[in-house]
Amino acid sequence: MIPSPLVLQQAAASVQARRRIAQWLPPTPCLPSKRVFEDGTGLFFKAENFQRTGSFKFRGALSKLTSLPVDQPVITASSGNHGIALSTAAQITGHQLAVVLPETVAKDKLNKIKALGVEVILHSNDSGLAERHARVVAEERGHTYVSPYNDPQIIAGQGTLALELLEQLPQIDNVFVSLGGGGLISGIGSVLKAFSPRTRMIGVSAINSAALDASVKAGKTVDVVHSDTLADGCAGGIDEGTITLPLVTEVVDEFITCTEDQIAEGMRRIAWDEKMLVEGSAGLALAPWLEDRPRFAGQTSVIVLCGANFDQATVAPVLGLA
(Lines give C-alpha, C1' and ligand atoms only; values in the text may rest on other atoms or scores of the structure.)
Protein backbone atom coordinates (compact mmCIF):
# COMPACT_ATOMS: atom_id res chain seq x y z
CA MET A 1 0.00 0.00 0.00
CA ILE A 2 1.36 3.42 -0.98
CA PRO A 3 1.66 5.75 2.04
CA SER A 4 -0.70 8.72 2.09
CA PRO A 5 0.58 12.27 1.48
CA LEU A 6 0.20 12.92 5.23
CA VAL A 7 2.54 10.03 6.10
CA LEU A 8 5.06 10.94 3.40
CA GLN A 9 5.03 14.57 4.54
CA GLN A 10 5.64 13.50 8.12
CA ALA A 11 8.50 11.18 7.08
CA ALA A 12 10.11 14.03 5.13
CA ALA A 13 9.77 16.27 8.20
CA SER A 14 11.72 13.68 10.23
CA VAL A 15 14.55 13.76 7.68
CA GLN A 16 14.64 17.56 7.92
CA ALA A 17 14.46 17.49 11.73
CA ARG A 18 17.40 15.12 11.93
CA ARG A 19 19.54 17.54 9.95
CA ARG A 20 18.60 20.40 12.33
CA ILE A 21 19.22 18.56 15.58
CA ALA A 22 21.97 16.04 14.75
CA GLN A 23 24.68 18.06 16.52
CA TRP A 24 22.88 17.59 19.86
CA LEU A 25 21.46 14.13 19.24
CA PRO A 26 23.94 11.25 18.94
CA PRO A 27 22.18 7.99 17.98
CA THR A 28 21.05 5.76 20.82
CA PRO A 29 22.18 2.12 20.62
CA CYS A 30 20.10 -0.70 19.18
CA LEU A 31 21.12 -3.56 21.46
CA PRO A 32 20.75 -7.26 20.67
CA SER A 33 19.05 -9.26 23.39
CA LYS A 34 21.33 -11.09 25.78
CA ARG A 35 19.05 -14.09 25.41
CA VAL A 36 20.14 -16.84 23.01
CA PHE A 37 17.69 -17.99 20.32
CA GLU A 38 18.28 -21.10 18.23
CA ASP A 39 15.44 -20.56 15.74
CA GLY A 40 16.74 -17.53 13.90
CA THR A 41 14.80 -15.10 16.08
CA GLY A 42 16.27 -11.64 16.41
CA LEU A 43 15.30 -9.47 19.36
CA PHE A 44 16.70 -5.95 19.64
CA PHE A 45 16.12 -3.06 22.02
CA LYS A 46 16.23 0.54 20.77
CA ALA A 47 17.59 2.01 23.97
CA GLU A 48 15.99 5.42 24.44
CA ASN A 49 16.52 4.79 28.14
CA PHE A 50 20.08 5.96 27.36
CA GLN A 51 18.83 9.17 25.75
CA ARG A 52 20.20 12.39 27.29
CA THR A 53 17.01 13.12 29.23
CA GLY A 54 16.21 9.47 29.93
CA SER A 55 13.48 9.20 27.30
CA PHE A 56 12.70 9.58 23.58
CA LYS A 57 10.96 12.89 24.29
CA PHE A 58 14.24 14.79 23.84
CA ARG A 59 14.01 14.17 20.09
CA GLY A 60 10.67 15.90 19.67
CA ALA A 61 11.60 18.69 22.05
CA LEU A 62 14.71 19.60 20.05
CA SER A 63 12.80 19.35 16.78
CA LYS A 64 10.08 21.69 17.98
CA LEU A 65 12.24 24.35 19.60
CA THR A 66 14.67 24.50 16.66
CA SER A 67 11.67 25.25 14.43
CA LEU A 68 10.66 28.31 16.52
CA PRO A 69 12.24 31.77 16.81
CA VAL A 70 14.43 31.99 19.92
CA ASP A 71 12.53 35.04 21.17
CA GLN A 72 9.18 33.15 21.15
CA PRO A 73 8.25 32.13 24.74
CA VAL A 74 6.94 28.58 25.07
CA ILE A 75 4.67 26.75 27.51
CA THR A 76 3.86 23.08 27.75
CA ALA A 77 2.11 20.52 29.93
CA SER A 78 3.59 17.21 30.94
CA SER A 79 3.39 14.27 33.28
CA GLY A 80 7.18 14.44 33.49
CA ASN A 81 9.23 13.12 30.57
CA HIS A 82 8.12 15.71 28.01
CA GLY A 83 8.73 18.48 30.55
CA ILE A 84 12.24 17.23 31.28
CA ALA A 85 12.99 16.96 27.57
CA LEU A 86 11.66 20.40 26.63
CA SER A 87 13.43 22.00 29.61
CA THR A 88 16.73 20.44 28.55
CA ALA A 89 16.20 21.48 24.93
CA ALA A 90 15.39 25.04 26.04
CA GLN A 91 18.78 25.24 27.75
CA ILE A 92 20.36 24.47 24.37
CA THR A 93 18.20 26.76 22.21
CA GLY A 94 17.73 29.62 24.70
CA HIS A 95 13.92 29.65 24.68
CA GLN A 96 11.95 30.96 27.65
CA LEU A 97 9.85 28.02 28.91
CA ALA A 98 7.10 27.32 31.43
CA VAL A 99 6.02 23.77 32.28
CA VAL A 100 2.60 22.94 33.75
CA LEU A 101 2.63 19.70 35.76
CA PRO A 102 -0.08 17.87 37.71
CA GLU A 103 0.40 18.06 41.48
CA THR A 104 0.77 14.26 41.45
CA VAL A 105 3.91 14.34 39.25
CA ALA A 106 6.68 12.01 40.45
CA LYS A 107 9.03 13.90 42.78
CA ASP A 108 12.11 12.85 40.85
CA LYS A 109 10.71 14.27 37.60
CA LEU A 110 9.58 17.47 39.32
CA ASN A 111 13.02 18.01 40.85
CA LYS A 112 14.75 17.47 37.48
CA ILE A 113 12.56 20.07 35.79
CA LYS A 114 13.07 22.62 38.57
CA ALA A 115 16.83 22.06 38.42
CA LEU A 116 16.82 23.01 34.73
CA GLY A 117 15.76 26.54 35.65
CA VAL A 118 12.40 26.81 33.87
CA GLU A 119 9.16 28.15 35.33
CA VAL A 120 7.13 25.35 36.96
CA ILE A 121 3.35 25.61 37.42
CA LEU A 122 1.58 22.89 39.42
CA HIS A 123 -2.10 22.50 38.57
CA SER A 124 -4.69 19.90 39.64
CA ASN A 125 -4.08 16.18 40.08
CA ASP A 126 -4.83 15.22 36.49
CA SER A 127 -2.57 15.51 33.44
CA GLY A 128 -5.53 16.36 31.19
CA LEU A 129 -6.56 19.27 33.40
CA ALA A 130 -2.94 20.43 33.56
CA GLU A 131 -2.84 20.46 29.77
CA ARG A 132 -6.02 22.53 29.51
CA HIS A 133 -4.61 24.99 32.05
CA ALA A 134 -1.40 25.31 30.02
CA ARG A 135 -3.45 26.22 26.94
CA VAL A 136 -5.31 28.91 28.92
CA VAL A 137 -2.03 30.37 30.21
CA ALA A 138 -0.57 30.30 26.71
CA GLU A 139 -3.53 32.33 25.43
CA GLU A 140 -3.26 34.83 28.29
CA ARG A 141 0.48 35.35 27.90
CA GLY A 142 0.78 35.06 24.14
CA HIS A 143 3.11 32.07 24.45
CA THR A 144 3.33 29.14 22.05
CA TYR A 145 1.77 26.00 23.49
CA VAL A 146 3.71 22.81 22.71
CA SER A 147 1.76 19.57 22.89
CA PRO A 148 3.59 16.43 24.04
CA TYR A 149 2.34 14.61 20.93
CA ASN A 150 -0.17 16.62 18.86
CA ASP A 151 2.37 18.59 16.85
CA PRO A 152 3.98 17.78 13.47
CA GLN A 153 7.42 18.95 14.63
CA ILE A 154 7.25 16.91 17.83
CA ILE A 155 6.29 13.86 15.75
CA ALA A 156 9.07 14.63 13.26
CA GLY A 157 11.61 14.55 16.06
CA GLN A 158 10.35 11.21 17.33
CA GLY A 159 10.64 9.86 13.78
CA THR A 160 14.41 10.40 13.85
CA LEU A 161 14.52 7.23 15.96
CA ALA A 162 13.35 5.21 12.95
CA LEU A 163 15.96 6.80 10.69
CA GLU A 164 18.60 5.52 13.11
CA LEU A 165 17.02 2.06 13.17
CA LEU A 166 17.21 1.79 9.40
CA GLU A 167 20.96 2.42 9.61
CA GLN A 168 21.48 0.07 12.55
CA LEU A 169 19.68 -3.04 11.29
CA PRO A 170 19.63 -4.50 7.76
CA GLN A 171 16.14 -5.96 8.20
CA ILE A 172 13.30 -5.27 10.61
CA ASP A 173 10.16 -7.40 10.63
CA ASN A 174 8.36 -5.92 13.65
CA VAL A 175 8.64 -2.81 15.80
CA PHE A 176 6.83 -2.73 19.15
CA VAL A 177 5.99 0.73 20.52
CA SER A 178 3.97 1.65 23.60
CA LEU A 179 1.00 3.97 22.96
CA GLY A 180 0.21 7.14 24.85
CA GLY A 181 -0.77 10.17 22.80
CA GLY A 182 0.69 8.54 19.70
CA GLY A 183 3.53 10.95 18.90
CA LEU A 184 6.27 8.33 19.09
CA ILE A 185 4.59 5.65 17.00
CA SER A 186 3.33 8.26 14.50
CA GLY A 187 6.88 9.43 13.90
CA ILE A 188 8.44 5.96 13.77
CA GLY A 189 5.62 4.54 11.69
CA SER A 190 5.65 7.35 9.13
CA VAL A 191 9.36 6.90 8.50
CA LEU A 192 9.17 3.11 8.28
CA LYS A 193 6.11 3.07 6.02
CA ALA A 194 7.97 5.47 3.71
CA PHE A 195 11.33 3.66 3.70
CA SER A 196 10.63 0.10 4.89
CA PRO A 197 6.97 -0.66 4.16
CA ARG A 198 7.33 -4.40 4.88
CA THR A 199 8.09 -3.64 8.55
CA ARG A 200 5.06 -4.23 10.79
CA MET A 201 4.23 -1.59 13.40
CA ILE A 202 2.70 -2.95 16.59
CA GLY A 203 1.14 -0.47 19.01
CA VAL A 204 0.85 -1.57 22.62
CA SER A 205 -1.53 0.02 25.14
CA ALA A 206 -1.97 -0.42 28.87
CA ILE A 207 -5.49 -1.76 29.35
CA ASN A 208 -5.90 0.64 32.28
CA SER A 209 -5.46 3.70 30.04
CA ALA A 210 -6.01 2.93 26.36
CA ALA A 211 -7.57 6.08 24.92
CA LEU A 212 -5.73 6.04 21.59
CA ASP A 213 -6.46 2.35 21.02
CA ALA A 214 -10.17 2.95 21.67
CA SER A 215 -10.20 6.05 19.47
CA VAL A 216 -8.65 4.23 16.51
CA LYS A 217 -11.27 1.48 16.81
CA ALA A 218 -14.07 4.05 17.04
CA GLY A 219 -12.71 6.17 14.20
CA LYS A 220 -12.88 9.30 16.36
CA THR A 221 -11.58 10.65 19.65
CA VAL A 222 -13.33 8.94 22.56
CA ASP A 223 -13.04 9.16 26.33
CA VAL A 224 -12.18 6.06 28.33
CA VAL A 225 -11.90 5.28 32.02
CA HIS A 226 -8.32 5.77 33.21
CA SER A 227 -6.97 3.73 36.11
CA ASP A 228 -3.50 3.73 37.65
CA THR A 229 -0.93 1.96 35.52
CA LEU A 230 2.76 1.10 35.76
CA ALA A 231 3.01 2.61 32.26
CA ASP A 232 2.29 6.07 33.66
CA GLY A 233 4.12 7.74 30.78
CA CYS A 234 1.38 6.42 28.48
CA ALA A 235 -1.55 7.37 30.69
CA GLY A 236 -4.20 9.96 29.89
CA GLY A 237 -6.53 11.00 27.12
CA ILE A 238 -5.85 12.51 23.70
CA ASP A 239 -6.75 15.84 22.10
CA GLU A 240 -9.90 16.16 20.07
CA GLY A 241 -8.76 16.28 16.46
CA THR A 242 -5.19 15.22 17.23
CA ILE A 243 -3.01 14.67 14.17
CA THR A 244 -1.82 11.39 15.69
CA LEU A 245 -5.20 9.71 15.21
CA PRO A 246 -5.12 9.57 11.38
CA LEU A 247 -1.38 8.85 11.42
CA VAL A 248 -1.66 5.97 13.88
CA THR A 249 -4.69 4.59 12.06
CA GLU A 250 -2.63 4.36 8.87
CA VAL A 251 0.84 3.33 10.07
CA VAL A 252 0.05 0.84 12.86
CA ASP A 253 -0.57 -2.71 11.62
CA GLU A 254 -1.70 -4.25 14.91
CA PHE A 255 -3.01 -2.97 18.24
CA ILE A 256 -2.51 -4.94 21.45
CA THR A 257 -3.56 -4.14 25.03
CA CYS A 258 -1.72 -5.50 28.05
CA THR A 259 -2.54 -5.97 31.73
CA GLU A 260 -0.58 -4.61 34.65
CA ASP A 261 0.81 -8.10 35.34
CA GLN A 262 2.08 -8.30 31.76
CA ILE A 263 3.68 -4.85 32.02
CA ALA A 264 5.38 -5.86 35.27
CA GLU A 265 6.74 -9.02 33.67
CA GLY A 266 8.11 -6.95 30.78
CA MET A 267 9.94 -4.72 33.25
CA ARG A 268 11.33 -7.74 35.11
CA ARG A 269 12.59 -9.44 31.96
CA ILE A 270 14.33 -6.25 30.83
CA ALA A 271 15.92 -5.93 34.27
CA TRP A 272 17.00 -9.52 34.81
CA ASP A 273 17.60 -10.76 31.25
CA GLU A 274 18.83 -7.55 29.61
CA LYS A 275 20.36 -5.90 32.69
CA MET A 276 18.55 -2.58 32.25
CA LEU A 277 16.15 -0.72 34.53
CA VAL A 278 13.34 0.97 32.59
CA GLU A 279 10.02 2.66 33.26
CA GLY A 280 6.72 0.85 32.94
CA SER A 281 6.01 2.23 29.47
CA ALA A 282 9.12 0.44 28.19
CA GLY A 283 8.10 -2.80 29.88
CA LEU A 284 4.73 -2.40 28.16
CA ALA A 285 6.40 -2.48 24.72
CA LEU A 286 8.03 -5.85 25.44
CA ALA A 287 4.97 -7.43 27.05
CA PRO A 288 3.17 -8.70 23.90
CA TRP A 289 6.37 -10.19 22.46
CA LEU A 290 6.79 -12.18 25.68
CA GLU A 291 3.14 -13.17 25.75
CA ASP A 292 3.10 -14.46 22.17
CA ARG A 293 6.74 -15.42 21.65
CA PRO A 294 6.13 -18.32 19.15
CA ARG A 295 4.32 -15.97 16.74
CA PHE A 296 7.48 -13.92 16.29
CA ALA A 297 9.91 -16.84 16.01
CA GLY A 298 12.39 -16.52 13.16
CA GLN A 299 11.66 -12.81 12.80
CA THR A 300 13.65 -9.72 13.69
CA SER A 301 11.75 -7.64 16.23
CA VAL A 302 12.67 -4.30 17.78
CA ILE A 303 11.34 -3.23 21.18
CA VAL A 304 11.45 0.54 21.65
CA LEU A 305 12.55 1.16 25.24
CA CYS A 306 10.96 4.59 25.43
CA GLY A 307 12.54 5.68 28.70
CA ALA A 308 13.92 5.07 32.17
CA ASN A 309 12.54 7.99 34.17
CA PHE A 310 10.90 5.76 36.75
CA ASP A 311 9.94 6.38 40.35
CA GLN A 312 12.03 4.12 42.59
CA ALA A 313 9.17 3.54 45.03
CA THR A 314 7.02 2.23 42.16
CA VAL A 315 9.60 0.09 40.40
CA ALA A 316 11.27 -1.52 43.43
CA PRO A 317 8.27 -3.71 44.42
CA VAL A 318 7.80 -4.83 40.80
CA LEU A 319 11.38 -6.09 40.74
CA GLY A 320 11.13 -7.65 44.19
CA LEU A 321 13.52 -5.09 45.69
CA ALA A 322 11.16 -3.77 48.35
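Scanning region 301-322 for residues that are among the hydrophobic types (A, V, I, L, M, F, W, C) and either touching a residue at least 60 places away in the same chain (Cβ under 8 Å) or within 18 Å of Ala287 (Cβ to Cβ) (or both) turns up Val302, Ile303, Val304, Leu305, Cys306, Ala308, Phe310, Val315, Val318, Leu319. Evaluated against (1) small (Gly, Ala, Ser); (2) without any contact (Cβ under 8 Å) to a residue 60 or more places away in the chain; (3) crowded, with 22+ Cβ neighbours inside 10 Å, Ala218 falls short on exactly one condition, (3). If the condition is being in contact with a Leu (Cβ under 9 Å, 6 or more places away or on another chain) and either modelled with pLDDT under 95 or acidic (Asp, Glu) (or both), then region 85-112 contributes Leu101, Pro102, Glu103, Val105, Lys109, Leu110. If you check Gly180 against the conditions, is it assigned to a helix (DSSP H, G or I) and either in contact (Cβ under 8 Å) with a residue 24 or more places away in the chain or of a type in the set (D, E, K, R) (or both)? It is false that Gly180 is assigned to a helix (DSSP H, G or I) and either in contact (Cβ under 8 Å) with a residue 24 or more places away in the chain or of a type in the set (D, E, K, R) (or both). For the structure I just gave you, tell me whether Gly157 is surrounded by 24 or more Cβ atoms within 10 Å (Cβ to Cβ), within 21 Å of the chain's Cα centre (by Cα), in contact (Cβ under 8 Å) with a residue 24 or more places away in the chain and assigned by TED's automatic domain parsing to the domain that holds Val248. Here the answer is yes, as Gly157 does meet what is asked.
Return the total of residues in region 62-74 being surrounded by 24 or more Cβ atoms within 10 Å (Cβ to Cβ) and either among the β-branched types (Val, Ile, Thr) or farther than 15 Å from Gln23 by Cβ (or both). Outline the logic, then answer.
Step one: list which residues in region 62-74 are surrounded by 24 or more Cβ atoms within 10 Å (Cβ to Cβ), which gives 62-65.
Subset that is either among the β-branched types (Val, Ile, Thr) or farther than 15 Å from Gln23 by Cβ (or both): 64.
Residues flagged as surrounded by 24 or more Cβ atoms within 10 Å (Cβ to Cβ) and either among the β-branched types (Val, Ile, Thr) or farther than 15 Å from Gln23 by Cβ (or both) within region 62-74 amount to 1.
Identification of helices (runs of 4 or more DSSP H) wholly contained in region 253-322 with 1 or more residues that are modelled with pLDDT of 95 or more and among the polar types (S, T, N, Q) yields 260-272, 280-291. For Ser227, the stated conditions do not hold, so it cannot be described as of a type in the set (Ser, Thr, Tyr), in a helix (DSSP H, G or I), surrounded by fewer than 24 Cβ atoms within 10 Å (Cβ to Cβ) and assigned by TED's automatic domain parsing to the domain that holds Asn174.
Just name the residue that is nearest to Gly157 (Cα to Cα) out of those in region 183-215 that are without any contact (Cβ under 8 Å) to a residue 60 or more places away in the chain and assigned to a loop (DSSP other than H, G, I, E, B). Within region 183-215, the match that is nearest to Gly157 (Cα to Cα) is Ser196.
Looking across region 123-137, the residues that are within 25 Å of Ile92 (Cβ to Cβ) and either hydrophobic (A, V, I, L, M, F, W, C) or not assigned by TED's automatic domain parsing to the domain that holds Leu97 (or both) come down to Ala130, Ala134, Val137.
Only one of these is closer than 14 Å to Phe255 by Cα, in the same structural domain as Phe255 (by TED's automatic domain parsing) and touching a His at 6+ places or on another chain (Cβ under 9 Å): Ala211, Ala206. Name it.
Working: Ala206 fails: touching a His at 6+ places or on another chain (Cβ under 9 Å).
Among Ala211, Ala206, only Ala211 is closer than 14 Å to Phe255 by Cα, in the same structural domain as Phe255 (by TED's automatic domain parsing) and touching a His at 6+ places or on another chain (Cβ under 9 Å).
Of all residues in region 120-142, those that are among the hydrophobic types (A, V, I, L, M, F, W, C) have Cβ atoms under 8 Å from Cβ atoms of residues that are part of a helix (DSSP H, G or I), 6 or more apart or on another chain, in Val120/Leu110; Val120/Ile113; Val120/Lys114; Ile121/His133; Ile121/Ala134; Ile121/Val137.
The values are calculated or read from the model by the stated rules, or taken from the named source; none is laboratory data. Being a predicted model, the structure only gives us computed values, none of them experimental. Using ideal geometry, Cβ is built from the backbone for each residue, glycine included, and neighbour counts are taken over all protein chains shown.
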